[in-house]
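Just so it is clear, none of the values below were taken in a lab; they were calculated from the coordinates. Being a predicted model, the structure only gives us computed values, none of them experimental. Every residue, glycine among them, receives a Cβ derived from its backbone with ideal geometry; neighbour counts consider all protein chains shown.
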Amino acid sequence: MRSWAAVVDTAHAEVLRRQLKELRLLRPDLRVARRDGEVWFPLTGPPSAQPEIGRIVEAEFEPTDAPPLTSYRDHVDLTPAERATLPRSFDVVGDIVLIRLPETMSDRALAIGEALLRFVPGARVVGWDKGVHGPERTHTIERIAGEGDFRTWYRENGLAIRVDLERAYFSPRLAREHALVAAEVGAGEAVYDLCCGVGPFTLTIAAAGRAASIVAVDANPQAIELLGTSLARLPRRPPVTAIVDRLESFLPSAGRVQRVIVNLPLEGIKYAASVGATVAAGGVLYYYIVADRTDVTGAQERLAAGLPDPGAWKCVDRHVVHPYSPRADLVAFRFHRGDA
């Protein structure tokens, strides 16, 4: 059957699929097609009055012979007990799907991976995410379906970010935070992006074009290398200095700047005193930590107490970024340092 279609490369297919669903443009009676490294989405009508949603063509599509997919879980043969333990959510990074499974599902991992390959448009490989480990915060990932490595391009806030999920830290769940922080950076300000990973905060701030300087620091040389690859894609040379270093050695000699970002959720609070010392009077400190849902206020108080000259600081914002575990969330804290 012939239909209008939106065409995009596989790395950006999931982003486009969600946009088309929100606009109610994705046609449910025709199958999404994959051709020559691209994903072709059948549209419900002519796209002339719609925003830019990929290359628009007319093409032939096969009709669906089943109701539209609503969940990958519907395509795995599960007992009621197994279904209750299978995660409802997963992460899509470019053409990579990551899911955290309970160990009790190890014998069903292949079936789950194949269901996700069918469910997520443009998916190339599915990995079982077994968590972040070590000082360089690298993911332990077991391939459960598909082919290839875990290196890809990821689009976020209009930027292309080079990631290698096995070798450098990156979370696709912080896109809103990257945009919020970047929007607050004023003209001529200096910024530290500490424990930057592959540098999404740095890239978003650099693309905004207002910062006078950005110093991105991470202990993992592969993360800094990936950041360099992404920076090279920006249309103008950004004022970024990317450094391979640990906080223990970088902070003691670091000067003061107007904005400091620390995304080290599990142990970052122990650096509060030395991190706080790098924030200039009138500056802002962004801290991301994992906090128990029953003790978020306590976590804020402990973080504030660890800052140098505790009376000089005011927490001007606190919000949950996303759930981290059944009992804890990743929480964003924004502290303002009063004038000296």
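Distance between the C-alpha centres of the range 202-218 and the range 144-170: 21 Å, rounded to the whole angstrom. Principal axis extents of the Cα atoms in the range 168-337, from largest to smallest and rounded to whole angstrom, are 44, 36, 29.
Compared with the dominant principal axis of the Cα atoms in the chain, helix 296-306 is inclined by about 40°.
Starting from the exponent 0.38 and prefactor 2.2 Å, build the expected Rg for the chain from its residue count and divide its actual Cα Rg by it.
On the way: Rg = 22.0 Å, N = 340, 2.2 N^0.38 = 20.2 Å.
The value comes to 1.09.
Note on residue 317/residue 207: beta-carbon distance plugged into 1/(1 + (r/R0)^6) with R0 of 22 Å gives a FRET efficiency of 0.45. The ranking of 105, 1 by Cβ neighbour count inside 10 Å, starting from the fewest, reads 1, 105.
Inter-label distance, residue 81 to residue 244: 4.9 nm, where each label sits 7 Å from its Cα along the C-beta direction.
When Lys and Arg each count +1 and Asp and Glu each count -1, what net charge do the other residues less than 11 Å away from residue 105, Cβ to Cβ, add up to? Could the numbers behind the result be given before it?
Working: positive: 83, 100, 108; negative: 82, 103, 107.
Every neighbour counted, the sum reads 0.
Summary value for the chain: 10 percent relative contact order, contacts being C-alpha pairs under 8 angstrom separated by 6+ residues.
Where does the longest stretch of the chain lie that holds no GluC sites (Glu not before Pro) found in a DSSP loop with 15 or fewer other Cβ atoms within 10 Å? Counting at most 15 other Cβ atoms within 10 Å as exposed, the longest clean stretch of the chain is 167-266.
Taking the inverse of the mean reciprocal distance over all distinct Cα pairs, the Kirkwood hydrodynamic radius of the range 72-148 comes to 12.8 Å.
Look at where the Cα atoms of the range 72-111 and of the range 309-340 average out, and the two centres are 33 Å apart.
Springs join every pair of Cα atoms under 10 Å in this Gaussian network model of the chain, and among 322, 139, 178 the largest mean-square fluctuation is at 322. Relative to the longest principal axis of the Cα atoms of the chain, the long axis of helix 109-119 makes an angle of roughly 80 degrees. Relative to the dominant Cα principal axis of the chain, helix 13-22 is inclined by about 80°.
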